[in-house]
Amino acid sequence: MAKKRRSPQEASRDPAAIALLERAEQIGAATCFSRADQIAPCPIGAQGLCCRHCAMGPCRLVGEVDRGICGASIDTVVARNFARGVAAGAASHSDHARDLAYTLLAAAEGHAPDYKIRDQYKLFETARWLGVRVADRPVEEIAREVALAALGEFGRIHGELAYLKRAPAKRQKIWHDQRIAPRAIDREVVDMLHRTHAGNDQDAEHLLDQAMRCALADGWGGSMLATDLTDILFGTPAPVRTEANLGVLQPDMVNVIIHGHEPTLSEMIVAAAQDPELLAYAQSKGAKGINLAGICCTANEVLMREGIPLAGNFLQQELAILTGAVEAMVVDVQCIMEGLVPLAQQFHTALITTSPKVRVAGALHMELDEHRALEVARQILRTAIDRFPQRREVFIPDVRSPVVPGFSHEYIDYSLGGLYRGSFRPLNDAIMAGRIRGVVADIGCNNARLCHDENHYYLVAEFLKNDVLVVQTGCGAIASAKRGYMTPEAALELAGPGLREVCEAVGIPPVLHMGSCVDNSRILTVLSQMATETGLGEDIADIPAVGMASEWMSEKALAIGTYCAASGVYVIMGGVRNPVSGSQRVTELISDGWEKKVGGRLEFLEDPQEILRRTLAHIDRKRAALGLEPYNPARWGKSGDWVIGQLLATPLEERLEAVYGRR
Ligand code: MSK
């Protein structure tokens, strides 16, 4: 049954998105927003009650029907559906890491001349975790062995993943006791798919245990490797200053959007966009230059390292094309909508696929070849430039916000403790004293069934008001960037008194941008360091912290939620219907059941106010369990008032420049 058509104001809270949704209505263009209004979700699938694992079905377990043709129970079917989603998400992140390992190997062996080791320190650190000897060896030799060791983690024959030892000792023991320590990355994904094939594992609890092991192979395996290898090849992020939202598109330049998740080609495009020959070619076509901007997590990768502006998050990919100002949208892997093709055909935009894994019917394909990556990047930019003279009417909303991203765990460590005594001690102390009530990681996607960005905006603002430090990745991070929450000034305007004092003292925004989807591994590292720093218990589960994906949509988000829960975190998946709601038992197993087993729990909640209430209650419970004083905002906020007055009297640009320098 068709749903009521939402107005642009009901579909998004972002003014740039609203303006472009109005334009879509004017010109009769379809977007994911209008399609979401046309297609009501299947109520059976939405509860996890449709079994499609064999050709006797699909079996729809509704009404009187409580078993499939093979006899599968509702609990088994719901658990299998959930577990398969986790496996797909884990496979996506991890395969991303595998490709980076091959790029590092090619670079180390001299077959990929456009790639260099940009962060030797990170290489040495990664080598240490992977058991590669560093002393007295050339960098290329270390890099080669690191790449091979990383690739070895996918098909490890004996033992368990090397990175598990990065977790607190207590956490490692829980994984061993529960027999969910992942053995090899590919093995856990394959094991999950095997068990969920017809006629295999038929015990919901047992299936969900493997879902945790599979997800852990992502969080402490594939994703963590992806983060480390990316930092080695392209540099570990540190704060930069740039801008976010569709207003970063330039009316008089060739606009190229880079979209997807992998930085391997997009970093080359960034380099090629500075090539004087290409700039002259753009000018020969009447453009003033080449302007790059990002969507989704490719955006986060080049934002954090190169300061390339953000055009928007997941639900804005089609809207970017509707501006009429995008000459090319270059996509790699994950979160790419097929709906881009008909829209691009309505405009002059070249939609260019670049991964050997991803083709989209109707798009141009210009495949990344690591051996001549810069040359491919140049060809892509030439294709974009050639489209510039075909531009017709342009509609770029004048909406953009300053953003200071780049908070890798290494930079947080440095900013809190300095170069020679980097440490999480000041953060732990601030939580123990009550200046910071707790920490929330708001990560993950947008979902076209929800009002775009509404949950992210509402929840992050409420957390700040309540002295909760927020860290973000993925499209949630982009939402806050667009909203202006990721500047030091936001602390002055939005944060409660205690959090504001800390942000003032350290010079950080109250919302820290920590990267892309795979960079949720950075959050695991931060939590591990906090747990081992003393004062906040001995395990991730002891910390007053909550993880959430308040507008989740992808299977990757399910994998992230599951590995965070299996790491001891209370995780809330927000917005849309609980996908395991068809089984009360599965709903209890992943919440109360997992909390008993591993200390973390996974809940699906639609109401943002309930998400807020449960988050603050959990943080306060954890504070009490640690014997910390109850949160009392009245104790703080005196010391910073003078500084606030001074800062607010200074123009924003000057304030940003004073802290981060000119970009
Ligand atoms: S891009 S997985 S919509 S965060 Fe990483 Fe955004 Fe979610 Fe894709």
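Within the range 333-366, which residues are open to solvent by less than 70 Å² (accessible area, probe 1.4 Å) and either without any contact (Cβ under 8 Å) to a residue 12 or more places away in the chain or within 18 Å of Tyr115 (Cα to Cα) (or both)? Selection gives Thr354, Ser355. Restricted to the range 505-527, and to residues that are under 13 Å from the mean Cα position of the chain (by Cα) and open to solvent by 10 Å² or more (accessible area, probe 1.4 Å), which residue is nearest to the ligand (Cβ to nearest atom)? So, considering only residues that are under 13 Å from the mean Cα position of the chain (by Cα) and open to solvent by 10 Å² or more (accessible area, probe 1.4 Å), the one nearest to the ligand (Cβ to nearest atom) is Cys517. Residues in the range 286-322 that are more than 14 Å from the ligand (Cβ to nearest atom), open to solvent by 10 Å² or more (accessible area, probe 1.4 Å) and part of a helix (DSSP H, G or I): Arg305, Glu306. Across the range 552-562, the qualifying residues are those that are under 25 Å from Pro168 (Cα atoms) and within 13 Å of the ligand (Cβ to nearest atom), and the one among them that is surrounded by the most Cβ atoms within 10 Å (Cβ to Cβ) is Ile560. For the range 481-527, a residue qualifies if it is in contact with a Pro (Cβ under 6 Å, 6 or more places away or on another chain) and without any contact (Cβ under 8 Å) to a residue 60 or more places away in the chain, and the qualifying residues are Ala490, Ala491, Ala495, Cys503.
Per-residue answers, yes or no, for (1) more than 16 Å from the ligand (Cβ to nearest atom); (2) open to solvent by 10 Å² or more (accessible area, probe 1.4 Å); (3) among the hydrophobic types (A, V, I, L, M, F, W, C); (4) at pLDDT below 95:
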| position | (1), (2), (3), (4) |
| --- | --- |
| Glu533 | yes, yes, no, yes |
| Met548 | no, no, yes, no |
| Cys564 | no, yes, yes, no |
| Ser567 | yes, no, no, no |
| Gly574 | no, no, no, no |
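Could you check, for the range 468-479, whether at least one of its residues is within 23 Å of the chain's Cα centre (by Cα) and at positive phi? Scanning the range 468-479 turns up at least one residue that is within 23 Å of the chain's Cα centre (by Cα) and at positive phi.
Table: residues versus (1) within 16 Å of the ligand (Cβ to nearest atom); (2) of a type in the set (A, V, I, L, M, F, W, C); (3) closer than 27 Å to Gly110 by Cα.
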{"residue": "Gly339", "(1), (2), (3)": "yes, no, no"}
{"residue": "His348", "(1), (2), (3)": "no, no, no"}
{"residue": "Leu351", "(1), (2), (3)": "no, yes, no"}
{"residue": "Val358", "(1), (2), (3)": "yes, yes, yes"}
{"residue": "His371", "(1), (2), (3)": "no, no, yes"}
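Criterion first (open to solvent by less than 10 Å² (accessible area, probe 1.4 Å), farther than 18 Å from Val330 by Cα and not polar (S, T, N, Q)) does Leu229 satisfy it? Yes.
Determine whether Asp539 is away from the ligand (no atom under 13 Å from the Cβ), of a type outside the set (A, V, I, L, M) and at pLDDT 95 or above. Against the criterion (away from the ligand (no atom under 13 Å from the Cβ), of a type outside the set (A, V, I, L, M) and at pLDDT 95 or above), Asp539 qualifies. Going residue by residue through the range 488-495, is there one that turns out to be under 16 Å from the mean Cα position of the chain (by Cα) and more than 24 Å from Thr227 (Cα to Cα)? Within the range 488-495 (the criterion being under 16 Å from the mean Cα position of the chain (by Cα) and more than 24 Å from Thr227 (Cα to Cα)), the answer is no, since none of the residues qualifies.
Answer yes or no: is there a residue in the range 449-466 that is under 30 Å from Tyr121 (Cα atoms) and in contact with a strand residue (DSSP E or B) (Cβ under 7 Å, 6 or more places away or on another chain). The answer is no; no qualifying residue exists. Considering only residues in the range 449-458 that are more than 11 Å from the ligand (Cβ to nearest atom) and either in contact with a helix residue (DSSP H, G or I) (Cβ under 6 Å, 6 or more places away or on another chain) or aromatic (Phe, Trp, Tyr) (or both), the one that is nearest to Gly547 (Cα to Cα) turns out to be Asn455. Note on the range 424-443: residues that are open to solvent by less than 10 Å² (accessible area, probe 1.4 Å) and either touching a Cys at 6+ places or on another chain (Cβ under 9 Å) or not in a helix (DSSP H, G or I) (or both) amount to 6. Selection of the range 570-604 for residues being β-branched (Val, Ile, Thr) and assigned to a helix (DSSP H, G or I) yields Val586, Thr587, Ile590, Val598. Among the residues of the range 337-345, is any under 23 Å from Asp519 (Cα atoms), in a loop (DSSP other than H, G, I, E, B) and among the aliphatic types (A, V, I, L, M)? Yes, because at least one residue in the range 337-345 is under 23 Å from Asp519 (Cα atoms), in a loop (DSSP other than H, G, I, E, B) and among the aliphatic types (A, V, I, L, M).
This table checks each residue for (1) within 29 Å of Tyr411 (Cβ to Cβ); (2) open to solvent by 10 Å² or more (accessible area, probe 1.4 Å); (3) hydroxyl-bearing (Ser, Thr, Tyr).
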position: Asn200; (1), (2), (3): no, yes, no
position: Gln210; (1), (2), (3): no, no, no
position: Cys214; (1), (2), (3): no, no, no
position: Ser223; (1), (2), (3): yes, no, yes
position: Leu233; (1), (2), (3): yes, no, no
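Within the range 385-423, being in a helix (DSSP H, G or I), modelled with pLDDT of 90 or more and of a type in the set (D, E, K, R) holds for Asp386, Arg387. Against the definition (of a type outside the set (Val, Ile, Thr) and either open to solvent by 10 Å² or more (accessible area, probe 1.4 Å) or more than 16 Å from the ligand (Cβ to nearest atom) (or both)), how does Gly474 come out, yes or no? Taking the combined requirement at face value, the residue does not satisfy it.
Considering the conditions (1) surrounded by 19 or more Cβ atoms within 10 Å (Cβ to Cβ); (2) farther than 30 Å from Asp592 by Cα; (3) at pLDDT 95 or above, Gln274 is excluded by exactly one of them, (1). Suppose the filter is assigned to a helix (DSSP H, G or I) and within 11 Å of the ligand (Cβ to nearest atom); does Gln334 pass it? No: the conditions fail for Gln334.
The values are calculated or read from the model by the stated rules, or taken from the named source; none is laboratory data. Here the structure is a predicted model, which is why all the values come from computation and not from measurement. Cβ coordinates were reconstructed from backbone atoms using ideal geometry, including for glycine residues, and neighbour counts include every protein chain displayed. SASA here: full protein model, heavy atoms, side chains in, ligands and nucleic acids out. Shrake-Rupley method; radii C 1.70, N 1.55, O 1.52, S 1.80 Å.
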